[in-house]
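Chemist: One structure coming up, written as structure tokens, with questions to follow.
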Amino acid sequence: MADNMVSGESEVVCVDFWANLFGMRVLIALRELGVSFEYIEEDLRGRERSDLVLRMNPVHRMVPILIHRGRPICNSINILEYIDEVWGHLHAEAGGTQLLPADPLERASARFWADFVDHKVFNTEMMLFKSNGDDQKEAAKGELIRQLRQLEGALGDKNFFSGNEFGFLDIVVIPLSSMFRAYEQQGKFDLEVECPKLMRWEKRCKERESVKSTLPDEEEVYRMHKKWYGIE
């Protein structure tokens, strides 16, 4: 992250924890649009939160937090939309694209699937990790595979979720790939077999510098999540 570090007071600051999948979205979006930022690590392994987090997000007391000119924006999806509204047009003017699609119907669809990931897939992940007994684990595994196949259906035969351009929904989903090997180990299944199109999409996303420079080692993420879920 050294290429984005800024000394002293910075106009754009991202507060997050290295293994937080939600925060990875923010880092990818900032890097994708070429926004310079300072990164501040918030250790989520303890129960206490820093004074900065308590001041900037007193309601939820959680990260990620984007601080722009001293004012906080919270919730990863909300942050992504803010980033796109503030810097997306500059990226488009320079020959790139904005994160959200231009078409209102496509924007609504992207937001729908983002909500699906946050309120369905992540809940099922928790069920898989915290299930007691073979029956519960099999049920969680089956539901997770079904949901990933639904995401794969939304992707279809496109290179990225919005077509040929990497964008908002790709940024929402790609941090999940840091847990794909964990899903396979916990559920004892092969995602290459279950969701081959999604796996090819994952490889395409990981060719992008914004993604490569953000996603941490999968085994380290898995170990951290096992501690969070109390299975180690």
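Chemist: Condition (residue is farther than 29 Å from P104 by Cβ and more than 18 Å from the chain's Cα centre (by Cα)) applied to the range 161-180: is it met by at least one residue?
Modeler: No, the conditions are met nowhere in the range 161-180.
Chemist: Which one is farthest from Q150 (Cα to Cα) among residues in the range 209-221 that are of a type outside the set (A, V, I, L, M) and under 15 Å from the mean Cα position of the chain (by Cα)? I'd like the intermediate steps shown before the answer.
Modeler: Residues of the range 209-221 that are of a type outside the set (A, V, I, L, M), as a first pass: 209-210, 212-214, 216-220.
Checking the rest, the ones that are also under 15 Å from the mean Cα position of the chain (by Cα) come to 210, 212-214, 216-218.
Values: S210: 26, K212: 25, S213: 28, T214: 26, P216: 26, D217: 26, E218: 23 Å.
Here the residue is S213.
Chemist: Let me ask something else. Scan (1) assigned to a helix (DSSP H, G or I); (2) on the phi > 0 side of the Ramachandran plot for the single condition G230 breaks and write down its number.
Modeler: (1)
Chemist: Output yes when any residue across the range 67-81 is open to solvent by 70 Å² or more (accessible area, probe 1.4 Å), charged (D, E, K, R), under 24 Å from G153 (Cβ atoms) and at pLDDT 95 or above, and no when none is.
Modeler: No.
Chemist: Would you kindly identify the helices (runs of 4 or more DSSP H) lying entirely within the range 110-221 that contain at least 2 residues that are touching a strand residue (DSSP E or B) at 6+ places or on another chain (Cβ under 9 Å)?
Modeler: Helices (runs of 4 or more DSSP H) meeting the threshold: 168-173, 196-205.
Chemist: With V63, V53 as the choices, which residue is among the β-branched types (V, I, T), out of contact with any helix residue (DSSP H, G or I) (no Cβ under 7 Å at 6 or more places or on another chain) and not assigned by the TED database to the domain that holds R223?
Modeler: Checking each option against the conditions leaves just V53.
Chemist: Quick check: anything in the range 132-141 closer than 28 Å to Q98 by Cβ and without any contact (Cβ under 8 Å) to a residue 12 or more places away in the chain?
Modeler: No; the residues of the range 132-141 include none that is closer than 28 Å to Q98 by Cβ and without any contact (Cβ under 8 Å) to a residue 12 or more places away in the chain.
Chemist: Still on this model: Residues that are under 16 Å from W18 (Cβ atoms), out of contact with any Pro (no Cβ under 8 Å at 6 or more places or on another chain) and hydrophobic (A, V, I, L, M, F, W, C), at least 1 per element: which strands (runs of 3 or more DSSP E) completely within the range 34-84 meet that?
Modeler: The qualifying strands (runs of 3 or more DSSP E) are 38-41.
Chemist: So which residues in the range 87-107 are open to solvent by less than 40 Å² (accessible area, probe 1.4 Å) and either modelled with pLDDT of 95 or more or within 28 Å of F122 (Cβ to Cβ) (or both), if there are any at all?
Modeler: Hits for the range 87-107 are W87, G88, L99, L100, P101.
Chemist: Which condition number in (1) touching a residue at least 24 places away in the same chain (Cβ under 8 Å); (2) of a type in the set (A, V, I, L, M, F, W, C); (3) in contact with a helix residue (DSSP H, G or I) (Cβ under 9 Å, 6 or more places away or on another chain) is the one that C74 fails?
Modeler: (1)
The values are calculated or read from the model by the stated rules, or taken from the named source; none is laboratory data. Since the structure is predicted, the reported quantities are computational estimates derived from the model, not experimental observations. When we count neighbours, we look across all protein chains shown, and the Cβ atoms used for this are built from the backbone with ideal geometry, even at glycine. Just so you know, the surface numbers come from the protein's heavy atoms only, side chains and all, with ligands and any DNA or RNA stripped out. Shrake-Rupley method; radii C 1.70, N 1.55, O 1.52, S 1.80 Å.
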